[in-house]
Every structure is written in C-alpha cells, then in structure tokens.
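Report on one structure; see the data block that follows.
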Amino acid sequence: MTTTTAAPPSPVTKGAAAPGRPVRSVHRKWTEHGLVFVAPFLLVYAMFLIWPLLSGLGMSMTSENITGREGEFVGFANYAEALADPDVWSSLWNTVWFTVLSTVPLVLVGLGLALLSHQLRVVQWLWRLSWFAPFLLPSGVVCLLFAQMIFPSGFGLADQMLAAVGLEPGIGWLSDERYAMLSVVATTVWWTVGFNFLLYLAALQAIPVHLYEAAELDGAGAWNRLWHITLPMLRRTTGLVVVLQVLASLKIFDQVYIMTGGGPDESTRPILQYVYQQGFTGYRIGYASAVSYIFFALILIVSLVQPMLSRRRAEEAAK
C-alpha cells in the first residue's frame, strides 16, 4: 500500500500577490500610465507658464530694466510704489469701468441673438454665420475698421447716421472723453458678441423639447415659457458667459491701444497699457512686473469669487 504525501505549500515570494489578486491596483496602473502621457504637457506647462510666473515674481522685487544695467533687489518697494501711484488706480478704474460697460450688453445681446436665431426656420446657417463671423476677425482689422470708417468725426458712418435722423454730427467719438470709452465698448460688443451667441445657442438646443410641449398644453404663452423654462435652463450657461466675459474684458489692451492710444487725457488707458508703458517706454521692467502682479491678484480673486457665488446661489435654489 502506497501513501501519498501532500507537498508542502510553496513559500510566497516577497512582493508577489495572492492568486486572483492583481499585482498592482488598477488605480496605480492608471496613475503611472497617465503620468507618462501627460509628462510632455507638464514639461511645456512648466517651461512656458510656471517658470515665467516665478521669474516675473522675482523680477518684480528688483529694479530690473531693459537698458542692460543689472537690477538690484528692492523687496516690496515696487509694490508699495504701485499701490501709491495714482496712475495705477486710474488705469485700474478704466479697466473696471470698461468691464462693467461691456459685460452687460455682451451677455444680453448674445442671449437675444441666440433666441432669435433659435426660432428662425429659414436659412438658419446664414443668420448664425452672420452673427458669429465678426468674432473670427483679428482685433487689428476690427479696430482699424471702426477707427477709419465708423468713428471718424464728420464723415464716419456714425456721424452720417446721426445726420440722417436729424441730429448734430461732428461728435468726437474717439477724441472726446465722454464718448471714447463708449466707442471702444461698441466696437468690442460688435466684435466679440458672436462667442457668447454661440454658447447660448448650443445651450438652447440642449433644452428638452417636451418641456415646451407640456407648458404649451398647460396654456403657457411664449413669455411664460421664456421666463419659466428657457431662462432657468440657461442659468449655468449665463454664469459661464459672465465669468468668461469679465475675465476677457479685464484683459483689454488691443482695442484701446489701436483706437485711442489710451486717450484722450488717459481716460481710456487700461492697466495693461500702463504696464506696457512702464516696462517698454519707461524701461522699468521691475516696476511693471509689480503692477502686473497686482492686476493678476485682482483677476485671480474675480475668477475664484464668481464661481463660489454661483455655486452658493445654486445650492440655495436647490433647497
């Protein structure tokens, strides 16, 4: 009679996983492979964003200039000078004032164009192309078009329209402090409203049709459907449009630089143009960097506060 002796269990190799269990967790695999794929982007991101950001921050604490003379470390002296500089505050006020004047019409006009285009049933593509096409033009083309054809005093299209309705032409659209900023705002609205129009149009097309059908069966008219279905469903899109528009308007430079040069009497000069003047005209790179980082802090606050307020309103509405 033969007996069979069971073989002793083989020792578990250090680091080996138990049967049925993966050697590495799925999460760790995805993490490792993900880092490999995003490494080129992270490298480019560090080279062209992180490093310039840190380099500029260090430069803002020196007396660096573009004359070739080596700058000295001055600490927060540039920041103290910038906060006490009246030109910084006046330029910052011009930027904020432009943002207020441009954001409201850009949101309302974009919404109105999207509502109108969404209801059209004839040559929709032509209407959509017509309202979005100006956004595709370069800023230099748009600004020169308005400066040379729309707003020249006496013979521009704006003065001809005033004369056609019996009003006095000859308004200094770009040379009068009362109208210069409004002229820049009008140019910006015509040029950039197509982007907001496109966002609203996409949001309108995503609203379920059965909501309108049910409301219509209940006897709701067009205005009631607009106020109680369309606008509430567009609330998130409106929040996105407002945030994007505020951030874009705060960074205004091209329109003012080309159309008015910051005048008349610096009444339209934005903060970015002041940074440009201090850095490349006044040769004070260190001081210009300090002003730009103060402005960067403002934009950062706006970009963080606005989503927080929108989220809080959404939570309150959900309750």
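Remarks
- Cα coordinate range in the stretch 161-319, projected on the principal axes (Å, largest first): 67, 49, 22
- Across the stretch 247-260, coupling constants 3J(HN,Hα) worked out from phi with the 6.51/-1.76/1.60 Karplus curve, θ = phi - 60°, read 5, 5, 5, 5, 9, 5, 8, 4, 4, 5, 4, 7, 7, 10 Hz, and Gly and Pro carry x.
- With at most 10 neighbouring Cβ atoms within 10 Å, loop GluC sites (Glu not before Pro) (DSSP) excluded, longest segment of the chain: 73-319
- Whole-Hz Karplus values for the stretch 141-156 come out as 5, 5, 5, 5, 4, 6, 6, 9, 10, 8, 9, x, 6, x, 10, x Hz, taken residue by residue from phi with 6.51 cos²θ - 1.76 cosθ + 1.60 and θ = phi - 60°; glycine and proline positions read x.
- Principal semi-axes in Å for the chain [√(5λ), Cα gyration tensor, largest first]: 51, 37, 17
- Gaussian network model of the chain, Cα within-10 Å springs - most flexible of M47, M149, M181: M47
- Solvent exposure, largest accessible area first (probe 1.4 Å, DNA, RNA and ligands not counted), of L115, L129, L53: L129, L53, L115
- GNM flexibility winner over the chain from A158, A290, A39 (Cα, springs under 10 Å): A39
- Its alpha carbons give the stretch 177-246 an Rg and a Dmax of 16.4, 54 Å.
- Estimated vicinal HN-Hα couplings, Hz - the stretch 196-203 in sequence order (Karplus 6.51, -1.76, 1.60; Gly, Pro = x): 5, 4, 5, 5, 5, 5, 5, 5
- Folded to 0 to 90 degrees: helix 86-119 orientation relative to the chain principal axis, Cα: 80 degrees
- For the stretch 49-72 versus the stretch 140-156, the spacing of their alpha-carbon centroids is 38 Å.
- Between T62 and V74, the built amide H atoms are under 5 Å apart, and every one of these is 5 or more places off in sequence or on another chain.
- Entry note, the chain: the mean residue ellipticity at 222 nm calculated from DSSP H runs of n ≥ 4, each adding -39500 (n - 2.57), is -20000 deg cm²/dmol after division by the residues and rounding to the nearest 500.
- Accessible area (Å², 1.4 Å probe, nearest 10) - Y212: 60 Å²
- I207 - accessible surface, heavy atoms, 1.4 Å probe, Å² rounded to 10: 10 Å²
The values are calculated or read from the model by the stated rules, or taken from the named source; none is laboratory data. Just so we're clear, the structure is a prediction, and the values are computed from it rather than from any experiment. Glycine gets a Cβ as well: all are built from the backbone with ideal geometry, and neighbour counts include every protein chain shown. Protein only, heavy atoms only, side chains kept; ligands, DNA and RNA dropped before computing areas. Shrake-Rupley method; radii C 1.70, N 1.55, O 1.52, S 1.80 Å.
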